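The values are calculated or read from the model by the stated rules, or taken from the named source; none is laboratory data. If you're wondering where the values come from, they're calculated on a predicted model, not measured in any experiment. Cβ: placed from backbone, ideal geometry, glycine included. Neighbour counts: every protein chain shown.
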Amino acid sequence: MAFSLPNLPYSYDALEPHIDAKTMEIHHTKHHNLYLTNLNNAIKGKELESKSLEELCRNHTDNPAIRNHGGGHFNHSLFWKILSPNGGGNSTGKIADAINSNFGSYDNFKEKFTNAAMTRFGSGWAWLCKTGNKLEICSSANQDNPLMPGICTDKSIPLLGIDVWEHAYYLNYQNRRPDYINAFFNLINWEEVNNKV
Ligand code: MN
């Protein structure tokens, strides 16, 4: 079965001033939509059509089309959901406890996550992952993600990710990736992250 483009759970302008409406619209309708179209073309008429998106990311990334476009569809689908106009601030619930026990404090987590997002050279993502009972922070190039072998510790589950491709921020922030990363922390939907812990 073909995959489809998920609707955003908010309007394009809902995340302003942190992420502007034009960026959200282009990111969703052009960038995400292209990954989706290319993924559907890559699996069409093949046995891959019967696999879940997670399974494609875990076991079929030796196929470059699945790696790039399956990764792109998974990553963006997660990204829209972990953002919220009512998000941001200190973590809450189970994830708050896990962040405190793994990183010492929310501020330490924020510093480590920011560093991962800042030091990812070129296009990619930074992630907060769950590996067994532990949390870890990693980053990936292009549209790779922690479900794929060799990216984070194997069998990690991505809880939270930030897109650091320029298409995610360039219209509003130009070269100022640090400002975009800082703004991202005002949008994190901790309720959604807690659903994955
Ligand atoms: Mn993107």
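Being in the same structural domain as residue 124 (by TED's automatic domain parsing) and either of a type in the set (D, E, K, R) or within 16 Å of the ligand (Cβ to nearest atom) (or both), is that true of even one residue in segment 101-110? Break it down into steps so the answer makes sense when it comes.
Applying the first criterion (in the same structural domain as residue 124 (by TED's automatic domain parsing)) to segment 101-110 yields 101-110.
Retained after the next criterion (residues that are either of a type in the set (D, E, K, R) or within 16 Å of the ligand (Cβ to nearest atom) (or both)): 107, 110.
Yes, there is a match, as at least one residue in segment 101-110 is in the same structural domain as residue 124 (by TED's automatic domain parsing) and either of a type in the set (D, E, K, R) or within 16 Å of the ligand (Cβ to nearest atom) (or both).
Can you go through 126, 116 and tell me which one is within 14 Å of the ligand (Cβ to nearest atom), hydrophobic (A, V, I, L, M, F, W, C) and either in a loop (DSSP other than H, G, I, E, B) or under 25 Å from residue 20 (Cβ atoms) (or both)?
126
Any residue that is of a type in the set (Gly, Ala, Ser), surrounded by fewer than 16 Cβ atoms within 10 Å (Cβ to Cβ), in the same structural domain as residue 115 (by TED's automatic domain parsing) and on the phi > 0 side of the Ramachandran plot - is there at least one of those in segment 133-147?
no
When residue 147 is evaluated against the numbered criteria (1) within 16 Å of the ligand (Cβ to nearest atom); (2) under 17 Å from residue 197 (Cα atoms); (3) touching a residue at least 60 places away in the same chain (Cβ under 8 Å), which criterion, by number, is the only one it fails?
Residue 147 satisfies all of (1) within 16 Å of the ligand (Cβ to nearest atom); (2) under 17 Å from residue 197 (Cα atoms); (3) touching a residue at least 60 places away in the same chain (Cβ under 8 Å) except (1).
Quick check: is even one residue across segment 15-24 exposed (fewer than 15 other Cβ atoms within 10 Å of the Cβ), closer than 23 Å to residue 146 by Cβ and more than 14 Å from the ligand (Cβ to nearest atom)?
no
Report, by residue number, each residue of segment 88-121 that is among the aromatic types (Phe, Trp, Tyr) and exposed (fewer than 15 other Cβ atoms within 10 Å of the Cβ).
Within segment 88-121, just 121 meets the criteria.
Looking at (1) in contact (Cβ under 8 Å) with a residue 12 or more places away in the chain; (2) closer than 22 Å to residue 197 by Cα; (3) more than 17 Å from the chain's Cα centre (by Cα); (4) not assigned by TED's automatic domain parsing to the domain that holds residue 181, find the lone condition where residue 40 falls short.
The one condition residue 40 does not meet is (2).
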